[in-house]
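The values are calculated or read from the model by the stated rules, or taken from the named source; none is laboratory data. If you're wondering where the values come from, they're calculated on a predicted model, not measured in any experiment. Every residue, glycine among them, receives a Cβ derived from its backbone with ideal geometry; neighbour counts consider all protein chains shown.
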Amino acid sequence: MCGIVGAIAQRNVVPILIEGLRRLEYRGYDSAGVAVIQDGEIRRRRKQGKVAELAAAIEADPIEGRIGIAHTRWATHGVPSERNAHPHVCRNTVALVHNGIIENHETLREEQIAAGYEFTSETDTEVVVHAVYDQLQRTGSLLEAVQATVAKLEGAYAIGVISVTEPDVLVACRKGSPLVIGLGIGEYFIASDIAALLPVTRRFIFLEDGDIAELTPEGVRIFDEAGNPVERPVKDSEVQLDAVERGEYRHYMQKEIFEQPRAIAETLEGRFNGLKLIEEAFGNDAPAVFDRVKAVQILACGTSYHAGLVARYWMESLAGIPCNVEVASEYRYRDPVLLPDTLVVTISQSGETADTLAALEEAKRRGALHSLAICNVQESSLVRESDLVLLTRAGPEIGVASTKAFTTQLVALMMLTLALGRRHRLDRVTEKRIASQLFALPARVEDVLELDDRIRALSERFADKQHALFLGRGSHYPIAMEGALKLKEISYIHAEAYPAGELKHGPLALVDADMPVIAVAPNNSLLEKLKSNLQEVKARGGELYVFADETLDVQPDDHTHVLTVTPTENELSPVIFTVPLQLLAYHVAVIRGTDVDKPRNLAKSVTVE
């Protein structure tokens, strides 16, 4: 969601801050701003809209400084506007940027109004900058003022603060929202994501929950929530600068769709000995943990939730163990029953999804013995909070609509199915067959990507549509859900997915010539049932788009458009059929002229509830 960048250096930091904001644009935002200390005063520029507009405003009316903070805002409290944009300033003395939500902001606001503070925005953040200023008058130390302030805050936050009273100090802290420190040579940086800082450093400190850091030209001091000095490890990032560039591609989403063969191959790399899964890939204690597992509880949101739904079919049909899948944002607001010896599996691209982290905490409170994270970011909160981890190695994913993260999650979940299944129903012959299929996947996905031109042509039929219906059966129903999500996310076409067998129980009433129906049709045991469902659509004058296995006998006609994909063994066909649906959504969005990588109202990393 919101993005933070901060810097203290012996050079003008404004270009660093602006470039950092550009590299955080993928997170989603509606306004942007920068504040620096220049000639003993806070100089600030804010703009509603894109970072480019902020950069143009600074070019027209320059500011510069050796210390500064910057922010891209995704509106929660208060409409998108310049006055609600960060940084917020109190009495020309303290400037502050904030990600997260302050849950007790109304109480603090009332207290501060009574104390004479004026509010110029509708945001929850403004109470924090006033509180820091108030504490600064008492302590005289920016670090101590922030420490005293956060002790009064309820909710989640990542914060960066500067003050004219200490022009060589940048204070940063986090709780429930990610923040990293970048280490340069005599210069130091903060950001919500390492991607923002890759042009200036590859060395990072990942702050723990509750940490408060003081950055000065001399170095970095870190204190835990209790105020004790602590050391946090310095990690060298292996992310390459060009990994977060578009290169030859028009959009990040397009690039990431075409990166899937490599991402899948890297997710498998080093995790098999021949065709035998190495269970220690999940962690050194994984074999002992897996020996005890009798059920699986998957917690995830959005696209990751769909991956979990596919895994439920695999867990139950291949491994022979019960598997429950739940939207993480719902889990802790009811009274779930966690069976003994249940492995809690969380799935998240960023590892900072607030709802998933909260659901994991709730599962632990309810007595979950062990947890496993399937995640794309090694240094994330979810990874640190889990007993076992399998990293998906998808590489940076910039497009808001997840693509390669999803397919690599499916691969990781199949690996987990193999690990658990060998203790229950899965025999060695089946395990070797599926392992062979996994290693064949990159080439199969390459084959599907060859259909790009045909899918682009097909997508032109959706240019004027406002609604779409996706159908699937069995493990391909979640793939239909994922296809519908992709189309609605980036093209703004209203799309819904249904199990094909449910068509006659309501959705059939919507079918007409203006309602395209997209069916996922692998050649499996449910094929004949699906064919009957497709006939129901044709009989009502519907326009059918069938993504089918090339061995499938479905004949195209004026109202039936068939696109065949490479034959794929049943268990892994959900991975294959995901790719043409991604391409369809992408090309429809391009034709409709939407912002493919940064769709309206959405954020890449959902770090608030």
*Identify all residues within region 249-279 that are surrounded by fewer than 23 Cβ atoms within 10 Å (Cβ to Cβ), within 20 Å of Leu24 (Cα to Cα) and either out of contact with any Gly (no Cβ under 9 Å at 6 or more places or on another chain) or among the acidic types (Asp, Glu) (or both); write none if there are none.*
Tyr249, Arg250
*Just for strands (runs of 3 or more DSSP E) wholly inside region 222-341: which have at least 3 residues that are in contact with a strand residue (DSSP E or B) (Cβ under 7 Å, 6 or more places away or on another chain) and not acidic (Asp, Glu)?*
295-300, 323-327
*asked:* Can you list residue pairs whose Cβ atoms sit under 7 Å apart, with the first residue in region 234-250 being more than 18 Å from Ile181 (Cα to Cα) and the second being outside any loop (DSSP other than H, G, I, E, B) and modelled with pLDDT of 70 or more? Count only pairs 6 or more apart in sequence or on different chains.
replied: Val244/Arg23; Val244/Ala195; Arg246/Tyr252; Arg246/Lys255; Gly247/Lys255; Tyr249/Lys255
*Residue count, region 342-371 (criterion: among the β-branched types (Val, Ile, Thr), assigned to a helix (DSSP H, G or I) and over 23 Å from the mean Cα position of the chain (by Cα))*: 0
*Within region 412-421, identify whether any single residue is surrounded by 24 or more Cβ atoms within 10 Å (Cβ to Cβ), in contact (Cβ under 8 Å) with a residue 24 or more places away in the chain and farther than 22 Å from Ser304 by Cβ, and answer yes or no.*
no
*Does Gly140 satisfy the condition of being exposed (fewer than 15 other Cβ atoms within 10 Å of the Cβ), small (Gly, Ala, Ser) and closer than 17 Å to Val13 by Cα?*
no
*If we keep just the residues of region 339-356 that are out of contact with any Ser or Thr (no Cβ under 6 Å at 6 or more places or on another chain) and buried (at least 19 other Cβ atoms within 10 Å of the Cβ), which is nearest to Ile374 (Cα to Cα)?*
Val345
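Rundown of residues vs (1) without any contact (Cβ under 8 Å) to a residue 40 or more places away in the chain; (2) touching a helix residue (DSSP H, G or I) at 6+ places or on another chain (Cβ under 6 Å); (3) under 12 Å from Pro516 (Cβ atoms), yes/no style:
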site: Pro442; (1), (2), (3): no, yes, no
site: Asp447; (1), (2), (3): no, no, no
site: Glu450; (1), (2), (3): yes, no, no
site: Leu471; (1), (2), (3): no, yes, yes
site: Ile479; (1), (2), (3): no, yes, no
site: Ala484; (1), (2), (3): yes, no, yes
site: Lys488; (1), (2), (3): yes, no, no
site: Ile493; (1), (2), (3): no, yes, yes
site: Ala497; (1), (2), (3): yes, yes, no
*asked:* Can you list residue pairs whose Cβ atoms sit under 7 Å apart, with the first residue in region 583-605 being modelled with pLDDT of 90 or more and among the aromatic types (Phe, Trp, Tyr) and the second being crowded, with 23+ Cβ neighbours inside 10 Å and assigned to a loop (DSSP other than H, G, I, E, B)? Count only pairs 6 or more apart in sequence or on different chains.
replied: Tyr586/Val596
*Working only within region 432-485, note down all residues that are part of a strand (DSSP E or B) and either over 27 Å from the mean Cα position of the chain (by Cα) or surrounded by fewer than 18 Cβ atoms within 10 Å (Cβ to Cβ) (or both).*
His467
